[in-house]
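Computed from the coordinates by the stated procedures, all read-outs in this text should not be read as laboratory data. Everything quoted here is computed from the prediction, not taken from an experiment. Backbone-built Cβ (ideal geometry, glycine too); neighbour counts: all protein chains shown.
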Amino acid sequence: MITIKYIVPITFLLTDNMKKKICGLAVFVALSSAFTACSSVKAYQKNKLNDSEMELTARKSQKFEQSFELYREGASGANGGKSGGGCGCN
Amino acid sequence: MKKISLAAIAFYMSILSTFAQTPERTVSDSSAYQSRKLKLEEVNFVSSHYRQDGNNSAVTGGIGTEKLTDFANSIDLHVSKYGLSGRKNTFNFELGIDTYTSASSDKIDPTTISSASSSDIRIYPSLNWTREDEKTGNSFGFTGSYSTEYDYQSVGAGINLTRLSKDKNRQFDFKAQAFLDTWKVILPIELRSVGGRGGEKSSGSSPRNSFSTSFSISQVINQRLQALIIVEPSYQHGLLATKYQRDYFTDGTVRAENLPGDRYKLPIALRLNYFMGDQFILRSFYRFYTDSWGIRAHTAELEVPIKLSSFFSVSPFYRYNKQDGTRYFAPYGKHSTAETYYTSDYDLSSLHSNFIGAGIRLSPPNGVLGVQRISDMELRYGHYSRSTDLTSDAITLAVKFK
């Protein structure tokens, strides 16, 4: 309760830019913690991780969805989709 | 008697010696044997139909129809062969063919009923070779690619490198790619130097080159959770504006789109997959993107495959994207004549979009529909809506043969 009492008013004092930086830092800290807290998983313990739905890549069936998203939006890359070469840009 | 016994022992020993193993003739473990013949690993076929509609076509300066259909198909073959050193060589050949029709492209020259670019075919073959040490999981490879369509040609080359940790719980990937493209410059009919019907359609060709690198680290966090972080900086140089797109100015004049000849892009993405219970999987994706044209975007996607059985799953998904547009964007008739760079392409404007849909996946052990060779089949549909009133639908079928 003390935390809520003191932190909530402080957030009103922060600018949007500061809030974004704090959020970014929080995400970085959370990810760093997650990565450093990794337990060593043996090959025989990976039956869930080896499930094809657990692959850390986009699905084959997303291939062309990523192409139209690339053309209909300004952002691209880092999702396994096309990042250059050939236009197809109508 | 002694002589006979000694002779018998000598004879026995000589027979034994013919079967004796010598270090040079050690019989290898048959389980470790690797055939050096070329083996077909798998074939993937993906077919997709896409249809969109909107009313902000960049060809007509940010107004007009954006109707478009695209029928895209690709097939890729994975074949492998073990080399003399025991390393695995994988060759991945892919061929893609897109056929599209675009109503707005007809407005480049409205006097023609159907201009060449109103319907077109894009063909893009590529070949990747990867050499892998299966003991360590480390690999490296090269890719060559080509793409051609009516007004655009592209030649690409790339390298890829993978390093796996000893416990195989952490993987580092590096990729570098270069695409050397040539774009035929097509101006709107009224802006061509030799105007009029039958006049010059273009003013030559211009290069557009793209260079990208990709660094990613994936990590097994526990028995149910794994994550991946990827950074993919890229640089484009050359003709980055689409010259057949019009821009209307406050004084009523019209010009062909003009954008800077350089563009730096920086996307950073995170994937996090979690196996929840025995039936649910959470596949999440987030990307932050920024570039030198002032576009800044956040993209988040969540997909929840539900395993109804070991061989059948349903996967609803939702994707949200929000972007701040480029500083060079202005709608129809709003550009100032003092501007150096200008576009009325709503793809580069401030917007947000929603993409929602679902997929089904079948992978029965005796093959899909009883056909042993078809090991996996996915069908996926999604509806896309953008805040600029553009909507689209995409349906995709992916089949894996083994």
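Label zone of B:Val43 (point 7 Å out along Cα→Cβ, amide N under 20 Å): in the range B:338-364 this covers B:362-364. Per-residue ellipticity at 222 nm computed for chain B from its helices equals -1500 deg cm²/dmol, with DSSP H segments shorter than 4 residues left out and the rest contributing -39,500 (n - 2.57). Stokes-Einstein, applied to the Kirkwood radius of chain B over Cα pairs at a viscosity of 1.002 mPa s and 20 °C, places its translational diffusion at 84 µm² s⁻¹.
Averaged over all directions, how much area does the convex hull of the C-alpha atoms of the range B:271-402 cover when projected, in nm²?
Numbers: hull surface 42.0 nm².
Result: 10.5 nm².
Note on B:Ile360 and B:Ser309: the model spin-label points, each 7 Å out from Cα along the C-beta direction, lie 1.3 nm apart. I'd like the orientation of helix B:2-19 relative to chain B: the angle between its Cα long axis and the longest Cα principal axis, in ° from 0 to 90, rounded to 10. With both axes taken from Cα atoms, the answer is about 0 degrees.
Applying a threshold of 27 Å to the alpha-carbon distances of A:Lys42/A:Lys63; B:Lys37/B:Lys400; A:Lys46/B:Lys265; B:Lys175/B:Lys243 flags A:Lys42/A:Lys63; A:Lys46/B:Lys265; B:Lys175/B:Lys243 as lying beyond it. Stretching B:Tyr381 away from B:Val231 to a fully extended chain increases their span by 51.1 nm, per 0.36 nm per residue minus the current alpha-carbon distance.
For a quick check of your reading of the filter: which trypsin sites (Lys or Arg not before Pro) in the range B:136-170 sit in a DSSP loop and have no more than 13 other Cβ atoms within 10 Å?
Values: sites: B:Arg163, B:Lys166, B:Lys168, B:Arg170; in loops: B:Lys166, B:Lys168.
Sites meeting the loop and neighbour criteria: B:Lys166.
What the Cβ-Cβ distance of B:Asp251 and B:Arg373 gives, at R0 = 51 Å and to the nearest 0.05, is a FRET efficiency of 0.20. One chain, two ends: B:Trp129 and B:Lys168. Fully extended at 0.36 nm per residue, the span grows by 11.8 nm beyond their Cα-Cα distance. Extending 7 Å from Cα along the Cβ direction at B:Arg51 and again at B:Asn73 yields two label points whose distance is 1.9 nm.
For the range B:164-297, give the magnitude of the charge dipole about the Cα centre (Cβ charges: +1 Lys/Arg, -1 Asp/Glu; no others), in debye to the nearest 20.
Values: 19 positive and 12 negative charges, 59 e Å.
Its charge dipole is roughly 280 debye.
Within a straight-line Cα-Cα reach of under 20 Å, B:Lys402 can be paired with the following aspartates and glutamates, leaving aside sequence neighbours fewer than 8 residues apart in one chain: A:Asp51, A:Glu53, A:Glu55, B:Glu41, B:Glu42, B:Asp76, B:Glu94, B:Asp376, B:Glu378. Would you mind checking the range B:66-83 for residues with the amide N under 20 Å from a putative spin-label position 7 Å along Cα→C-beta of B:Arg36? Counting backbone N atoms under 20 Å from the label point, the list is B:79-83.
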